[in-house]
Amino acid sequence: MKPDVVLIAQYPPQIMAVLEDNFTCHKMYEATDRDAFLASVAGKARGLASTGVHGAPRALIQALPKLEIISGFGVGYDAVDLPTVKERGIVLTNTPNVLTDCVADLGMTLMLDAARRVPQAERFLRDGKWLKGNYPAGVKVTGKRAGICGLGRIGSALAKRLAGFDMEIMYYDIEPKTNLPYRLMPSLIDLAENSDFFFVACYGGPTTRKLIDEKVLRAIGTKGILVNIARGSIVDEAALVRVLEDKALGAAGLDVFEDEPNVPEKLLTFDNVVLTPHIASNTNETRAAMGNLMCENLIAYFAGKPVPTRVPV
Ligand code: 8YV
């Protein structure tokens, strides 16, 4: 008998094949009536395959009384209700490491796009405006100062890439990383004031909610560029809109938003903002690696073996 697993989202085809081979899959993303779906699986669902964005809210966990494992397709688990997971003794797993490079790569892309105004330049060309004049100059990248909020796996991968651009690299982290050759700044404001490019690379969740507030945004300044490849919740989005309206921030490159997939209408109106729909880990290679690790965690758990990447709750 294959264990019953609820799939919160559709995964790449080869991952769906592994899931179907090993489990009786219940596709929540296909359900038109969510409550009826949950009622139909409540008596049997022992596993939940989730994502970083969907997580596992309290109501969902409570609707699945037989749930033993939540296997996330993503490194972030800020959307998982941890107190409920702990209370129920549920095993939680995520997919760290395999996505680090691609997320850092997109951070670099957004920095370059925002500084050199590449998407805007492409629109300019496609709109036939080049025929009428040259495109306005952007901001030089090489040799500038980079500030990283959160020097974990992804922050460090960013730093490695930024070093290749001959940048002075500073960071702010609650845990100083003394083994790394980058300068720890005493506060986020200090980091923001000293950065030409300010990267948000820390984890999401209650402890980092709106950490990048209006003061920090204004400290990045009129020449500074904000890049967020972490979680939308870390930046105060309403404050970001105000600061952009005041022309108090140079530019922004954003892959994540507070209420995805909803992006505030106002953010779409700024010409100095580059936006992508949460695609940092979205390459064929990385999504396959994330999917495989998500499956390995589920398979190991139901085989009574230690899961490869358990989140300590
Ligand atoms: C994914 C993510 O885009 O790893 C994370 O925490 O947010 C991303 O890699 C997400 O898990 C897919 O929804």
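Order the peptides 247-256, 270-279 from the highest to the lowest mean number of other Cβ atoms within 10 Å of their residues. Show your work: numbers first, answer last.
Details: 247-256: 22.2, 270-279: 16.3.
Descending packing order for the listed peptides: 247-256, 270-279.
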* Rounded to whole Hz and in sequence order, give me ³J(HN,Hα) for the stretch 246-259 from the Karplus expression 6.51 cos²θ - 1.76 cosθ + 1.60, θ = phi - 60°, writing x for Gly and Pro. => 7, 6, 9, 10, x, 6, 9, x, 10, 10, 9, 9, 5, 10
* Hey, what do the phi angles of the stretch 69-82 turn into as Karplus ³J(HN,Hα) couplings, whole Hz, using 6.51/-1.76/1.60 and θ = phi - 60°, x for Gly and Pro? -> 9, 10, 10, x, 9, x, 8, x, 10, 5, 8, 8, 7, 5
* Structure fact -> Summed over the other residues with a beta carbon less than 15 angstrom from that of residue 283, with K and R at +1 and D and E at -1, the charge totals -3
* Asked: Residues with amide H under 5 Å of residue 171's amide H, sequence separation 5 or more or different chain, H placed in the peptide plane at 1.01 Å from N; which?
  -> 148, 183, 184, 185
* Tell me, what is the percent relative contact order of the stretch 55-139, built from C-alpha pairs under 8 Å that lie six or more residues apart? -> 24
* Asked: Considering only DSSP beta bridges whose two residues both sit in the chain, what percent are antiparallel, to the nearest 5?
  -> 5
* Asked: How would you rank 216-225, 12-21, highest first, on the average number of other Cβ atoms within 10 Å across their residues?
  -> 216-225, 12-21
* If the cut-off is a Cα-Cα distance under 18 Å, which lysines reach residue 27, setting aside same-chain residues fewer than 8 apart in sequence? -> 2, 44, 66
* Whole-Hz Karplus ³J(HN,Hα) for the stretch 232-241, in order, using 6.51 cos²θ - 1.76 cosθ + 1.60 and θ = phi - 60°, x for Gly and Pro? -> x, 5, 6, 9, 6, 5, 5, 5, 4, 4
* To do: Return the long-range amide H neighbours of residue 51 (sequence gap of 5 or more, or a different chain), with a cut-off of under 5 Å between placed amide H atoms.
  => 73
* **Under 5 Å, built H, 5+ apart or other chain: amide partners of residue 80** => 56
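Computed from the coordinates by the stated procedures, all read-outs in this text should not be read as laboratory data. These numbers were taken from a predicted model, which means no experiment stands behind them. Using ideal geometry, Cβ is built from the backbone for each residue, glycine included, and neighbour counts are taken over all protein chains shown.
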